[in-house]
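Every number here is computed from the coordinates shown, using simple stated rules; none is lab data. Nothing here was measured: the structure is a model prediction, and the numbers come from that model. Quick reminder, even Gly has a Cβ in these numbers, built from the backbone with ideal geometry, and neighbours come from all protein chains shown.
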Amino acid sequence: MTANSMTTPTLSKRSFLKGSIAAGLGLAGLPLLGRGAAAEGASGGILSGCHWGVFHGIVEDGRAVEFKPWAGDPAPSPQLPGVLDSLYSESRIRYPMVRRAWLEQGPGADPDGRGSGDFVRVSWEQAIELVANEITRVRDTYGHPAVFAGSYGWKSPGNLHNCQTLLRRMLNLTGSYTNSTGDYSTGAAQVILPYVSGSIEVYEQCTTWDNLAANCELMVFWGANPLNNSEICWSVADHGSFRGVDLLKEAGTESICIDPIRTETAQALDSEWIAPAPQTDVAMMLGIMHALYDEGLHDQAFLDRYTVGFDKFLPYLLGDSDGTPKTPEWAAEICGVPADKLRDLARRFSSKRTMLALGYSTQRQHHGEQIHWALITLASMLGQIGLPGGGYGLSYHYASGGAPTHTSPILKAIDDASGVVVEGAAWLAKSGAVSIPVSRLVETLLNPGKTMQFNGHEIELPEIKLAYWVGGNPFSHHQDRNEMLRAWRQLDTFIVHDIQWTASARHADIVLPATTSYERNDIAQVGDYALSHILPMKKIVDPVFEARSDYDIFADIAASLGKGHEFTQGLSEMDWIRGFYEGARIEARGKGMEMPVFESFWDSDEPLAFPLSDVQKDWVRHADFRADPLLNALGTASGKFELYSNAIEKYGYDDCPPHATWMEPIERLGGATTTYPLAIAANHPDMRLHSQLCGTKIREGYEVKGREPCWMNPADAAARGLSEGDVVRVFNDRGQILAGLVITDVIRPGVIRVSEGGWFDPVDPRQIGSLCAYGDVNNLTTGIATSRLAQGNCGQTAMADVERFEGPLPPVTVFSQPA
Ligand SMILES: Nc1nc2c(c(=O)[nH]1)N[C@H]1C(S)=C(S)[C@@H](COP(=O)(O)OP(=O)(O)OC[C@H]3O[C@@H](n4cnc5c(=O)[nH]c(N)nc54)[C@H](O)[C@@H]3O)O[C@H]1N2
Ligand SMILES: Nc1nc2c(c(=O)[nH]1)N[C@H]1C(S)=C(S)[C@@H](COP(=O)(O)OP(=O)(O)OC[C@H]3O[C@@H](n4cnc5c(=O)[nH]c(N)nc54)[C@H](O)[C@@H]3O)O[C@H]1N2
Ligand SMILES: [Mo]
C-alpha cells in the first residue's frame with residue numbers, strides 16, 4: 001500500500017471509546033509486539049513517567065522501593081533502578097547552599113575557588129533573597145543581557161515542571177536576559193538543513209518501521225544506533241524503536257552498520273559492519289557518489305524533477321572545479337574503507353530499495369554541516385526519496401523516530417510568559433533580549449563586545465556576569481573543560497538548581513535543591529514521535545530533605561521581585577495540570593475523539609491511549625512531495641532539495657561552502673597535521689542519559705576500578721602493553737582524565753570510546769588542567785565551532801593517547817556530598 005494515498009479516517013466518538021477508553025484507558029487496539037514485555041500485568045503502585053519510560057512507583061512506609069515498568073512498554077529500560085536511586089543516592093542535594101567566599105566577600109570573590117566544595121548551608125528564605133537581589137544587582141549594574149538564562153539541558157519531562165521555561169518565565173516577567181539558540185544534539189544539522197531540504201528535519205518523523213519491514217531491502221545505519229539511543233525520549237519514552245528493530249529482524253531485512261563501533265543494533269540484526277575512520281564520512285559518501293555517477297547508476301530523472309544544483313555540485317565531484325576527482329580511490333585514502341567496497345555499496349544502494357539512516361554524531365564534528373548535505377545529495381542521486389522503504393531518515397536512532405504517530409491532541413504546557421508555548425522546542429523559542437548559539441557561551445564569556453558570524457548574520461557578544469542554570473549540566477555537556485574553567489572565572493555569579501551534586505552544582509556559587517519528578521505532580525505525552533498516550537505523572541513520595549520544585553522556587557523569586565501573581569496566576573499545581581488536560585480535551589473533540597473527564601483520567605492506573613490509523617502506521621516521509629512537488633513544495637527557496645545553495649554562497653564562509661564538500665577537520669585519525677594517534681568516540685552512554693544517573697548505584701554495573709570505561713581494540717592495547725581493567729590516563733594538549741580499560745573487538749583499531757556524561761572530578765579544582773579522577777571526556781574534546789554557519793559544538797572531534805596510570809590512584813570524590 002502506498003502511504004499518503006488516503007486521508008486520515010475520522011474516528012467516531014464511539015469507536016474511540018470502544019477502542020481505548022472503555023477498555024480501561026488501556027492498551028486495547030494497540031499491538032504489543034517486541035522483546036520481553038514488562039513484568040506481566042505490572043500495576044499497582046503509583047503511575048508516573050520519566051525520560052526512560054512509564055512506570056509504577058511502589059512505596060513502602062513513605063519510601064519508594066521499586067519503579068516497576070508499565071506493562072505496555074515493549075522494552076523497559078534497564079536504567080529504571082538508577083532512576084529510583086536518583087531520589088536517595090549519596091549525591092542528592094539536600095539543602096540550599098552558598099559558596100563561602102561568595103557569601104562572605106560578595107559576588108565574584110575567589111573565582112578560582114569554585115569547585116573546591118566549601119559551601120555554607122542557608123535557609124530557603126535567605127537563598128531566595130540572595131538570588132532575587134543578585135539578579136537585580138546584575139541587571140542594574142551591567143544591563144539585562146548580563147544575565148544568561150540559556151540554561152541548556154535535558155531536565156525532566158512534564159508539561160508543568162519544565163524548569164527552563166519556568167526560569168525564563170520568572171525572568172521575562174521581571175525584565176530580560178541573554179538566551180541561547182540551537183542545541184548540542186544537532187547544532188550543525190538544524191542550521192544547514194533548512195537550506196537543503198526546507199526544514200530542520202532532524203526531529204521530524206521518518207518513514208515508519210512498519211513500512212520499512214514491508215518495503216526496505218537494505219537498511220543502512222550510518223552512525224545510528226537505535227537500540228542505544230532510543231532508550232530515552234525528550235518526553236516520556238515509548239521505546240517504539242525496539243519494536244521497530246524487531247520488525248526488521250523478523251522481516252530478515254539486510255542491514256549495514258557504518259560506524260567505528262559494532263553497535264547493539266548491528267549485533268541484534270547481525271548487520272555487515274563497515275568501520276570508516278571517524279570524521280571521514282563525507283569523503284566516504286563522495287566516493288560512493290563518484291562511483292554511482294561513473295557507472296551511470298544515478299537517477300537523473302529524480303535529480304531533474306526534485307532537486308536543484310546538481311549541475312553545480314558535479315564539477316566538484318568529478319574534480320573539474322578543484323582538480324581532485326572524488327573517486328573511490330581518493331575516498332579510500334581518507335576513510336580507510338577500500339575503494340572496491342565503496343563501489344560495491346554504490347551498486348547495492350542503487351539496485352535495492354535502500355534506507356539511509358543517519359545519526360547525529362557525524363555532525364557533532366568540525367565542519368559537521370557537510371554530512372547531512374552529503375547524505376541528501378547521495379539519497380537524491382539514488383532517487384528513492386519518498387518511496388516506501390527507501391530514501392533517508394534522520395531520527396531512526398533518536399527517541400524512537402519511525403514509531404508511527406498516533407492521532408492525538410497536543411497537550412498544552414506552561415509558557416515562558418513571552419507569548420510562546422515552548423514545551424517540545426524549548427531551545428528553539430525566541431525569548432530574551434539577545435541570543436547566542438548555544439555552544440558559544442565560553443567564547444562569549446571570553447570575548448564580550450566582539451562580533452560573531454552566525455548563519456548569515458552578525459551577533460554582538462554580550463557581557464555576561466550571572467549564569468543561571470536549571471535542568472542542565474554544562475560542566476558535563478560543554479567541550480574543552482579547561483578552556484571553560486578559564487571562561488567561568490569571568491562570572492560574578494553562577495546559580496544552579498539541580499537534584500544531584502553534579503560538577504556544575506559543585507562549581508556554582510548558589511545551589512538550590514530541586515525535587516525530582518517523583519516528588520511532584522505533572523502530566524506528559526508518551527513518545528516524542530508516537531504521541532501514543534497522555535500520562536498522569538503522579539507524585540510518588542514527599543520531597544526528601546529540603547528539596548522544592550523549580551516552580552515553587554521561581555514563584556518565590558518572582559514574588560520577591562514583585563511579580564508573584566503574574567507568575568502563578570493564582571493557580572495551584574493541580575489547577576495547571578487540569579488546564580493542560582482540558583485544552584487537549586477540546587482539541588481531541590475537534591478530531592472526533594472524546595477524552596474522559598479529568599478525575600477519571602487522573603485516578604486511573606493506566607495512561608490514556610490514543611488510536612493509530614493504518615495510514616499513519618504505513619507513513620512514508622516525503623511521499624507527498626514526490627507525488628506532487630509543486631503542491632507539496634519543500635520549504636527551500638526553490639521548493640526542491642538544494643544540492644547547491646545560493647544563500648550559503650552569498651555568505652561567503654570559507655568553512656562552509658555552497659555544496660556538500662569534504663573539509664579537513666582540525667584533527668582526525670590519519671590527518672596530515674594530527675599529532676595524537678587515537679580518535680575518541682565520545683558517544684552517548686548506554687547506561688545513563690548524559691550525566692544523569694552517573695551519581696547512582698547503576699554506575700557500579702559499568703565502572704572499572706571506580707572510573708568511567710574506556711573501550712579499546714586489542715591491537716591498540718597490545719601496542720601499549722595495556723591489559724583489561726588497567727586504570728589508564730587518556731590525554732592530549734587540552735586535558736587529561738583517568739579511565740578504566742575495557743578491551744574489545746567491537747571497536748575499530750585507532751579508535752577509543754569514552755562516553756560523554758562522566759562526572760568531572762578534578763584532583764585539584766583550583767588548578768586548570770588538573771587530572772579528572774573519574775573520566776569526563778569533555779576534558780579532551782575541542783571547544784571550536786563546526787563553522788561560522790551553524791556555530792555548532794564538536795563533541796566528536798578529539799584525538800588523544802592512552803597510557804597506564806602509574807602512581808597512587810587519586811580517590812573519586814565527585815559522587816559524595818561536598819566537604
Ligand atoms: N563530547 C560530547 N559532549 C556532548 C555530547 C556528545 O555526544 N559528546 N552530547 C551533547 C548532547 S547531544 C547533549 S543533549 C548534552 C546533554 O547535556 P545535559 O542535558 O546538560 O546533560 P544531563 O546530564 O541530561 O543534565 C541534565 C541535568 O538536569 C538535572 N535535572 C533533571 N531534572 C531536573 C529538574 O526537574 N529540575 C532541575 N533543576 N534539574 C533537573 C539533572 O540532574 C542533570 O544534572 O551533552 C552534549 N555534550
Ligand atoms: N542511552 C542513551 N540514549 C540517548 C542519550 C543518552 O545519553 N543515553 N542521549 C540522547 C540525545 S540528547 C541525543 S542528541 C542522541 C544522540 O544521538 P547520536 O548523536 O546519534 O548518538 P552517539 O551515541 O553520539 O553516536 C551514534 C553512533 O555514531 C557513531 N559514530 C561516532 N563518530 C562517528 C563517525 O565519525 N562516523 C560514523 N559513521 N559513526 C560515528 C558512534 O560509534 C555511535 O554508534 O541520543 C539520545 N539517546
Ligand atoms: Mo542531545
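Taken over the range 743-766, the residue count meeting the criterion of being crowded, with 19+ Cβ neighbours inside 10 Å and farther than 20 Å from residue 279 by Cα is 8.
A residue that is within 16 Å of ligand 3 (Cβ to nearest atom) and surrounded by fewer than 21 Cβ atoms within 10 Å (Cβ to Cβ) cannot be found anywhere in the range 161-181.
Give the range 590-634 a look and list any residue that's charged (D, E, K, R), under 32 Å from the mean Cα position of the chain (by Cα) and more than 25 Å from residue 537 (Cα to Cα), or say none. Passing the criteria: 614, 617, 618, 621, 624, 626. The residues of the range 330-357 that are closer than 24 Å to residue 672 by Cα and either of a type in the set (Phe, Trp, Tyr) or without any contact (Cβ under 8 Å) to a residue 12 or more places away in the chain (or both), listed by number, are 330, 333, 338. Considering the conditions (1) over 15 Å from residue 493 (Cβ atoms); (2) part of a loop (DSSP other than H, G, I, E, B), residue 109 is excluded by exactly one of them, (1).
Where helices (runs of 4 or more DSSP H) fall wholly inside the range 311-410, the ranges with 1 or more residues that are closer than 26 Å to residue 634 by Cβ are 339-351, 369-382. Among the residues of the range 225-272, the ones that are within 16 Å of ligand 3 (Cβ to nearest atom) and closer than 21 Å to residue 750 by Cβ come to 1 in all. Given (1) within 15 Å of ligand 1 (Cβ to nearest atom); (2) under 24 Å from residue 95 (Cβ atoms); (3) more than 18 Å from the chain's Cα centre (by Cα); (4) not acidic (Asp, Glu), identify the lone condition not met by residue 160. The one condition residue 160 does not meet is (2). When the range 352-367 is filtered for residues that are farther than 17 Å from residue 381 by Cβ and touching a Cys at 6+ places or on another chain (Cβ under 8 Å), the ones remaining, listed by number, are 357, 364, 365, 366, 367.
Of everything in the range 439-479 that's assigned to a loop (DSSP other than H, G, I, E, B) and small (Gly, Ala, Ser), which residue is farthest from ligand 1 (Cβ to nearest atom)? Checked the range 439-479; the qualifying residue farthest from ligand 1 (Cβ to nearest atom) is 449. Taking the criterion of being over 26 Å from residue 226 (Cα atoms) and surrounded by fewer than 24 Cβ atoms within 10 Å (Cβ to Cβ), the residues of the range 519-535 that qualify are 519, 521.
For the range 185-250, give me every one of the helices (runs of 4 or more DSSP H) that falls completely inside it and has 3 or more residues that are closer than 15 Å to residue 790 by Cβ.
In the range 185-250, 189-196 are the helices (runs of 4 or more DSSP H) which contain 3 or more residues that are closer than 15 Å to residue 790 by Cβ.
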